[in-house]
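Take a look at the structure set out below.
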């Protein structure tokens, strides 16, 4: 448990430093886009994910490899520098958490509420827009969505806003039905 809090604390410190620099240099939108692009690269490449999380690679190996990836993807500036610093400090594994923390800070700065949505399949732009509208109507504020796909849900959604969670996944409904059936039988 101590490891989880230490990672999140490190990620939050990196995110706060990046956020303050982005604000100071008026690059908030560009940094958010670059972080999203890097997250996309991570999602697409198992090799890159392995490089990011594996303790087997030395700091020099991670820095060399990540520099090549960033250069080929055209990611530089503040995000490129942050990722290289994380690699040279053997903290490359916190970059996904930095992205999440940065998005929360940026959303708060814009007066938005962050919501994490997990679905069984990728959501279309139409569904994302409808979900944002529904959450805005319910919460009274604009909502920044972080989407994640978990095929184990079978269907439906899990929506987390702060400490509140709405679980309408088919997996949860089936589990509840299974429990009820055990009590009846």
Review point. Since residue 67 meets every condition but one in (1) over 20 Å from residue 103 (Cα atoms); (2) at pLDDT below 95, which condition does it not meet?
Key: (2)
Check your understanding: Of all strands (runs of 3 or more DSSP E) completely enclosed by segment 82-185, which ones contain at least 2 residues that are more than 27 Å from residue 70 (Cα to Cα) and more than 17 Å from the chain's Cα centre (by Cα)?
Key -> 164-167
Exercise for review: Sort through 95, 143 and tell me the only one that's over 30 Å from residue 55 (Cβ atoms) and surrounded by 18 or more Cβ atoms within 10 Å (Cβ to Cβ).
Suggested key: 143
Check your understanding: Taking residue 135 and the conditions (1) surrounded by 18 or more Cβ atoms within 10 Å (Cβ to Cβ); (2) outside the structural domain of residue 160 (by TED's automatic domain parsing); (3) within 30 Å of residue 170 (Cα to Cα), which numbered condition does it fall short on, given that it satisfies the others?
Key -> (2)
Point to revise | Filter pass, residue 117 being touching a residue at least 40 places away in the same chain (Cβ under 8 Å) and farther than 17 Å from residue 38 by Cα | key: yes
Study note, to complete from the structure: Among the residues of segment 68-81, the number that are in a helix (DSSP H, G or I) and buried (at least 17 other Cβ atoms within 10 Å of the Cβ) is 5
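Residue-wise test of (1) touching a residue at least 24 places away in the same chain (Cβ under 8 Å); (2) surrounded by 12 or more Cβ atoms within 10 Å (Cβ to Cβ); (3) in contact with a helix residue (DSSP H, G or I) (Cβ under 9 Å, 6 or more places away or on another chain).
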position: 11; (1), (2), (3): yes, yes, yes
position: 15; (1), (2), (3): yes, yes, yes
position: 22; (1), (2), (3): yes, yes, yes
position: 28; (1), (2), (3): yes, yes, yes
position: 37; (1), (2), (3): yes, yes, yes
position: 44; (1), (2), (3): no, no, no
position: 53; (1), (2), (3): yes, yes, yes
position: 61; (1), (2), (3): no, yes, yes
position: 66; (1), (2), (3): yes, yes, yes
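The values are calculated or read from the model by the stated rules, or taken from the named source; none is laboratory data. As the structure is a computational prediction, the values presented were derived from the model and not from experiment. Glycine also receives a Cβ, built like all others from the backbone with ideal geometry; neighbour counts cover every protein chain displayed.
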